[in-house]
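The values are calculated or read from the model by the stated rules, or taken from the named source; none is laboratory data. These numbers come from a predicted model, not from an experiment. Cβ coordinates were reconstructed from backbone atoms using ideal geometry, including for glycine residues, and neighbour counts include every protein chain displayed.
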Amino acid sequence: MFTGIVEELGAVVGLDDLGDSVRLRVRGPLVVEDASHGDSIAVNGVCLTVVDSRDGTFSADVMRETLDRSSLGALRPGDPVNLERSLRVGGRLGGHVVQGHVDGTGTVLGRRPSEHWTVVRVSLPAGLARYVVLKGSIAVDGVSLTVSAVDDGAFEVSLIPTTLALTTLGRKDTGDPVNLEVDVVAKYVERLMTAPPLAPEIRTEEPPA
C-alpha cells in the first residue's frame, strides 16, 4: 500500500524488451537505499516489484497487461518518474490509501497557471467518472490529489509549487498521458451496494442411528 506522497523524482535508465514484458531500470537513490529483492516501489503510481538494486538504480519487470493499461508503455530512457516506497506499518498516511493498481489513463487537457498554483485539467474515462467526486481523492501518476472540479468527461486538480517542482506533474503538457487510480473505498462501497446478498447457510443434521 502507498499514500500518494512522492518521495523522489527518479529517471528511467533503460527498458529491456523481454517479449511479453519489459525490464524497467530506474535511477532513484533515495528509494533504493534500503530496497531489497521483492520490495514494492510505485513508479508513476504503478506498484512494481524490485528484482535487483545497485548503485542507486533498481530494476522491475513490467508485464504486457500493465504496459497496455498504464502509461508505463510510453516511457523512454531519460523520462522522469514519480517514486514512492510502500508504506510501513505505523507510518503516517500523508495522502490517501493508494494501492498502486492503476484503474485507467487520462490525458492532460490543459493547464491554467496562476500566481500561487496551477490548475490541471485531465480527461476522465467514462468507466471511472462515477468514482470521482468534488473534494474527493484521486491519484494522478501516483500523486495523491484533491479533486477541485469534475464533470462527466474530465476533472481538475490544483497543484501547489511543491508538487509542481517535485513530481512529474510539473512537466506534463497538454496531450501527455497520466495514470489514474480512483479511491478504492468508492469501489468497495459500490460493490457492496450492488452485489446480491449471500445465501443463508443451510445446516443439515445427521439422521439418528
Quick check: anything in region 18-30 more than 26 Å from residue 106 (Cα to Cα) and of a type in the set (Ser, Thr, Tyr)? no
On the basis of being in a strand (DSSP E or B) and either more than 21 Å from residue 170 (Cα to Cα) or not β-branched (Val, Ile, Thr) (or both), does residue 49 make the cut? yes
Going through region 55-77 one residue at a time, which ones are part of a strand (DSSP E or B) and at positive phi? none
Hey, does region 96-115 have a residue that's free of Cβ contacts under 8 Å to residues at least 40 places away in the same chain, surrounded by fewer than 18 Cβ atoms within 10 Å (Cβ to Cβ) and either in contact with a Phe, Trp or Tyr (Cβ under 7 Å, 6 or more places away or on another chain) or of a type outside the set (D, E, K, R) (or both)? yes
Scan 52, 68, 20 and give me the residue that is modelled with pLDDT under 95, out of contact with any Pro (no Cβ under 9 Å at 6 or more places or on another chain) and closer than 14 Å to residue 102 by Cα. 68
Quick one: which of 98, 62 is touching a strand residue (DSSP E or B) at 6+ places or on another chain (Cβ under 7 Å) and modelled with pLDDT under 90? 98
